[in-house]
Each structure stands twice: as structure tokens, then as C-alpha cells.
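K.L.:
Pasting a structure below so you can have a look.
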Amino acid sequence: MPEQTATINRILLIPGLLEPRLAMWPLQHHLRKQWDHVEIWRDRYIFRDVDASVARLADWIQDDCSDTRLAIVTHSFGDWLARRAIAQTPNHRVAALASIAPVMRSGCVINAIHYLGGDFIPEIAIIADPSRASENLNCDPSIRRMVIWARIDLGVRAVDLRQLAHVQTHRTAATHLSIIMQPNVHGLIEHFLTAPS
């Protein structure tokens, strides 16, 4: 087994806005062939208390002095939560972050919901605000990172991340919703998590 596989011994999958946990079951099933501990984060689908969600996640990733090293795989708004939790937790145990169609800049669907008064939804208010959506892009330069963008994405737009260290990016033929369930994306994530650092 590659050295990096030995260091990552637990994986947390974080769904996005309005995304049921079952959308991540295929990815969870795929990764369980390689890792014993692959969990899907439990949170509200919408109208969450964002600060409380981040605080719970920050507690979960806090370094507990064990040899547990985490990889986090996110989709959409789940990535915003993960980046914020990592940035707020200097002593965390996250070794790798794989971001699938992450919230960094809003797309036309989010902008339309925002203009129609959708800011009463806390997540929409964050995604529609360019400065908030792009918070904590460089949440921890020591973490290995991968970002996978969908080529047809009306929810979020791709961001140029070349200025960030340790970030590899990919584009795949998918939509914002279908990308999380595609076997080729599952393979990219597995390859990323098993590659030596």
C-alpha cells in the first residue's frame, strides 16, 4: 500500500445544500473497498445554523493525539463548511481535502434564487456573496488538495486556483448534481487519496 494510504485511515464525506446523504452512498461504497472507516457527515439539508455546523465539524476534526489522519471529500456547500472548519482549527488531523464542485463562486441558478429573495436561506446568502463564497480558499497550505469541477454547472462557477500550493484541479463532463455519483469521479478521488504525497 502507498505511504499516503497508510496515513489516511478515516474518510469523512460532506454533502452540499439540499443534498440527501444517500447521494453520497455510491462514493461511500466505492471508498469502503479501500478504507474501513468512511462516514457521511450528518447535518441539516437547508436552513442550518452555519456557525453551529462549522463548530461541530471543527470539534470532529480536532487533533485527538491519536494516529488517525482524516481525508475529507466534499460536494458543493459541504466544501465551504469544511474549509471554514479547517481554517478555524489549527490543530486538526486532516491530511487531504477532495472538493467536488465546491462553492467558491455562485452560478446562475444561485444568483436567480438570490435575486428572487432567497437570502432568507443562510446557505444561499453565503453562496451568492462573492467574498463569503470564496472564504478560506487557502484553508491550510499543508493539506493535499484536489478540486473537481463539473463542465455543466449552473450552481457554482469554477475558480482559478493556480495560486494555491498543493492543489490539483480536474474538469469532468458532468452537472452539479450528477458529478458526485459518477464512477470516473470516484476513481479520481480514490487515486488522489492513495497517491504518495
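K.L.:
With an 8 Å Cα cut-off and a minimum separation of 6 or more residues, compute the relative contact order for the chain in percent.
P.N.:
23 percent
K.L.:
Do the sum for the chain: with -39,500 (n - 2.57) for every DSSP H run of n ≥ 4, divided by all residues, what is the mean residue ellipticity at 222 nm, to the nearest 500 deg cm²/dmol?
P.N.:
For the chain, the value works out to -9000 deg cm²/dmol.
K.L.:
Distance in nm between label sites at Asp160 and Asn111, each 7 Å beyond Cα in the beta-carbon direction?
P.N.:
1.9 nm
K.L.:
Taking all protein chains in place and a 1.4 Å probe, what share, in percent, of the accessible surface of the chain do carbon and sulfur account for?
P.N.:
Taking all protein chains in place, the chain shows 55 percent carbon and sulfur surface.
K.L.:
In whole angstrom, how far apart do the alpha carbon centroids of the range 124-197 and the range 49-76 sit?
P.N.:
18 Å
K.L.:
I've got another one for you. Roughly how many nanometres apart are two label points built 7 Å out from the Cα toward the Cβ at Ser66 and Arg132?
P.N.:
Label-label distance for Ser66 and Arg132, simple model: 3.5 nm.
K.L.:
Computed from these coordinates, which is log10 I(q)/I(0) by the Debye sum over Cα atoms at q = 0.12 Å⁻¹: (i) -0.75; (ii) -0.62; (iii) -0.53?
P.N.:
Here log10 I(q)/I(0) by the Debye sum over Cα atoms at q = 0.12 Å⁻¹ agrees with entry (iii).
K.L.:
Dipole of the chain (Lys/Arg Cβ +1, Asp/Glu Cβ -1, origin at the Cα centre): which of Gly155, His114, Ala87 lies farthest to the positive side?
P.N.:
Gly155
K.L.:
Now, a different point. Accessible area per residue of the range 10-194 at 1.4 Å probe, in Å²?
P.N.:
Numbers: 8440 Å² over 185 residues.
Ligands and nucleic acids excluded, the result is 46 Å² per residue.
The values are calculated or read from the model by the stated rules, or taken from the named source; none is laboratory data. All of these numbers come straight from a predicted model, not from anything done at the bench. Note: ideal-geometry Cβ built from the backbone for every residue, glycine included; neighbour counts use all protein chains shown. Please note that ligands, DNA and RNA were not included when accessible areas were found on the heavy atoms of the full protein model with its side chains. Shrake-Rupley method; radii C 1.70, N 1.55, O 1.52, S 1.80 Å.
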